[in-house]
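Data first, discussion second: the structure below is written as C-alpha cells.
Here, each number is a calculation from the coordinates, and none is a lab measurement. This is a predicted model, so every value here is computed, not measured. Reconstructed Cβ throughout: ideal geometry from the backbone, glycine too, with neighbour counts over all protein chains shown.
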Amino acid sequence: MQTAAGKLMKVFLTRRIPPEGMKILSAAGVCEVSQWDSDEPVQRADLLKGVQGAHGLLCLLSDKIDAEVLDAAGPNLKVISTLSVGYDHLAIDEIKKRGILVGYTPDVLTDATAELTVALLLATARRLPEGVEEVKNGGWSSWKPLWLCGYGLSGSTVGVIGLGRIGMAIARRVMPFVVKRLLYSGRTAKDYAAEVNGEYVPLDTLVSESDFIVVSCSLTPETQGMCDKAFFSKMKNTGVFVNSSRGTVVNQEDLYEALSSGQIASAGLDVTTPEPLPTNHPLLTLKNCVVLPHIGSATYSTRGIMGALSAQNLLGGLQGTDMPSELTF
Ligand code: NDP
Ligand code: DGY
C-alpha cells in the first residue's frame, strides 16, 4: 500500500511479536515496518519517536496509547492494532475523535485464559505452590491428617464477575467439578448463562454467597477498585478469590489486609498493579496468595494466533479492507 507520494505506508511495532504475525506483515509487502526490536517494553521516549509519521501502530497492553502518543504519531495514523483483547490501555475517546480504527484479539485467547484461570483457582484453593515448596524444603515429614488442607469445588458455589467470553468459558470448565450453584454479576443478565445454570445476582449477593469468586470482567471506570475493603469484608472467611482480568480491579492494600487477617482464605492473581509486581511487595510474603506473571493467554498456539490476528487487523485498517476483529465503539 502506497501513500499519495508513492511511498510504502509506515507501521511501528512496539515489541517483537510472534513470528506468525511478522510473516503476514512481510508477505503482504504493503508497509515499511519499524519495530522496537526487543522482548522488553519500549521506553516512552522511544515510543513517541518510533510512532512519528506512522500510518499503523501495533502495540501491547503495556503501552499506554494516549493523546500524547497520538499527537506524536500525527495525522497519518489510520489504525491501532493491539495484541490483546483488553483495551483499557487505549484512550478510546481520543482515538475515536480522530477517526482512528482499532483492532484487538477477542475469542482466540478465550480458551487459554479460561484454562489458566481454572488452574490458578485449583492451585490456590488446594495450596499447590505451598505443597511444592514443602516437598523441596523438607517440610514434608509424613502424611498428616490436617496438613495442607484446602477447599474443593465439589458442592460449592462459584461466583463469576463478568460472564463475558472468558467468564463463560471459565463457567463451562468449573461446572464439571460438580459445582452446586453458579452465580454471576455484570451489567446485564445473559441468555447464554442457561447453559451453565448461571444465576444473575447483584454483586453483593455474589460476594457474600460464593465459596469461590472469579473476576473476569473488563477494566472500566466502574470496575476499577471494585474489589476493596467493603467487598472483601462481605466474603466468607473460607472464600477463595481469583482475578484474571486486570490488576486495578483490585485494591491490593485491602486484599493484603483481608488475606493476612484471615478475613478470606486465599487469593490467586494472574494480574497485578503494577506489572511486574515488585519482588518486595507485601502480597508476595503471604503463603495464601498465589501470584502469576500475567500468563492467561500464554500458550504457544494462542500467542501465534494472536500475532497473526493483530497483523491482519493492522493490514486491514491500513488498506481499508476487512479487519477480522475490529473494535467497534
Ligand atoms: P468480554 O467483553 O467478553 O467480557 C467482559 C465482561 O465484563 C462482560 O461480561 C461485561 O458484562 C463485564 N463487565 C463490564 N462492566 C462490568 C461491571 N461494571 N461489573 C461487572 N462486570 C462487568 O471480554 P473477555 O471475556 O474477552 O475479556 C475480559 C477481560 O479479561 C479483558 O478485558 C482483559 O482485561 C482480561 N484478560 C486477561 C487475560 C490474562 O492474561 N489474564 C487474557 C485475556 C483477557 P456485561 O456484558 O454485562 O457488560
Ligand atoms: C489480553 O489479551 O487482554 C490479555 O491480558 C493478554 O492476553
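What the table shows:
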quantity: Residue in region 232-244 that is part of a loop (DSSP other than H, G, I, E, B), more than 20 Å from the chain's Cα centre (by Cα) and among the aliphatic types (A, V, I, L, M) present; calculated: yes
quantity: Number of the condition not met by residue 301 [criteria: (1) away from ligand 1 (no atom under 16 Å from the Cβ); (2) exposed (fewer than 15 other Cβ atoms within 10 Å of the Cβ)]; calculated: (1)
quantity: Answer from 77, 70 - the residue that is in contact with a helix residue (DSSP H, G or I) (Cβ under 9 Å, 6 or more places away or on another chain) and either within 16 Å of ligand 1 (Cβ to nearest atom) or assigned to a loop (DSSP other than H, G, I, E, B) (or both); calculated: 77
quantity: Scope region 89-116; condition within 16 Å of ligand 1 (Cβ to nearest atom), in a helix (DSSP H, G or I) and in contact with a strand residue (DSSP E or B) (Cβ under 9 Å, 6 or more places away or on another chain); matching residues; calculated: 92
quantity: Any hit, region 17-40, residues being closer than 22 Å to residue 248 by Cβ and surrounded by 22 or more Cβ atoms within 10 Å (Cβ to Cβ); calculated: no
quantity: Any hit, region 7-20, residues being touching a helix residue (DSSP H, G or I) at 6+ places or on another chain (Cβ under 6 Å) and assigned to a helix (DSSP H, G or I); calculated: yes
quantity: Condition broken by residue 225, with the remaining ones in (1) part of a helix (DSSP H, G or I); (2) out of contact with any strand residue (DSSP E or B) (no Cβ under 6 Å at 6 or more places or on another chain) satisfied; calculated: (1)
quantity: Output for region 185-220, where each listed residue is part of a helix (DSSP H, G or I) and among the aromatic types (Phe, Trp, Tyr); calculated: 192
quantity: Selection from region 39-52 of residues that are among the polar types (S, T, N, Q) and either closer than 24 Å to residue 318 by Cβ or in a strand (DSSP E or B) (or both); calculated: 52
quantity: Any hit, region 228-241, residues being in contact with a Pro (Cβ under 8 Å, 6 or more places away or on another chain) and more than 16 Å from ligand 2 (Cβ to nearest atom); calculated: no
